[in-house]
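First up is the structure itself, then whatever we jot down about it.
The values are calculated or read from the model by the stated rules, or taken from the named source; none is laboratory data. Only a predicted model underlies this, so the values are computations on that prediction, with no experimental measurement involved. Don't worry about glycine lacking a Cβ; one is built from the backbone with ideal geometry, like all the others, and counts go over all protein chains shown. For accessibility, only protein heavy atoms count, side chains too; no ligands or nucleic acids. Shrake-Rupley method; radii C 1.70, N 1.55, O 1.52, S 1.80 Å.
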Amino acid sequence: QVQLVESGGGLVQPGGSLRLSCAASGRIFSIHDMGWYRQAPGKQRELVALISSGGSTNYADLVKGRFTISRDNAQNTVYLQMNSLKPEDTAVYYCNADISTKITPWSHMDYWGQGTQVTVSS
């Protein structure tokens with residue numbers, strides 16, 4: 001049993017900033033990669049950023065230089081700092097984590113947050 005709870009979404013003006021948080025809880029043995037995805041209306045879900053357990057990161061080209069992903073392993077939390085937001089960043093943002101549980105620590109699977117709405121509009 002694992003839950004991912006997201007927070008930090010909202011309405012901002014173009015050029016503004018938001019910080020998304022996602023905390024994992026439950027019978028967690030270890031967390032491998034964590035990431036953020038987003039899905040705009042009528043579009044497919046796309047990868048925004050990934051961070052490994054060791055801190056290596058990957059970003060979608062469209063957000064490089066504007067977004068920063070980070071994690072706090074002690075709190076089982078991943079963050080997405082979003083700066084210089086553009087209207088095209090408007091989407092539902094989903095937290096993702098590759099987790100091994102205490103029940104089956106030899107295996108791992110993806111878990112997803114409920115999604116948080118980010119709207120960039122004047």
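Quick notes on this one:
- Bridge type composition, the chain - antiparallel percent by DSSP, nearest 5: 95
- Hz values of 3J(HN,Hα) by residue in region 91-106 - Karplus curve (6.51, -1.76, 1.60), Gly and Pro given as x: 4, 8, 9, 10, 7, 9, 9, 9, 10, 9, 8, 5, 6, 10, x, 7
- Other-chain or far-sequence residues with amide H under 5 Å of R71's (modelled H): Y79
- Here the dipole of the chain is about 100 debye; that uses its Cα centre as origin and unit charges on the Cβ of Lys and Arg (positive) and Asp and Glu (negative).
- Whole-Hz Karplus values for region 47-56 come out as 6, 9, 7, 10, 9, 7, 4, x, x, 5 Hz, taken residue by residue from phi with 6.51 cos²θ - 1.76 cosθ + 1.60 and θ = phi - 60°; glycine and proline positions read x.
- Across region 25-34, rounded Karplus estimates of 3J(HN,Hα) from the backbone phi angles (6.51 cos²θ - 1.76 cosθ + 1.60, θ = phi - 60°) give 9, x, 7, 8, 8, 7, 10, 8, 5, 10 Hz, Gly and Pro being marked x.
- Where the chain is the region considered: accessible area per residue in Å², 1.4 Å probe: 53
- Carbon and sulfur %, accessible surface of the chain computed with the full protein complex present, 1.4 Å: 48
- Under 5 Å, built H, 5+ apart or other chain: amide partners of D33: S53, D98
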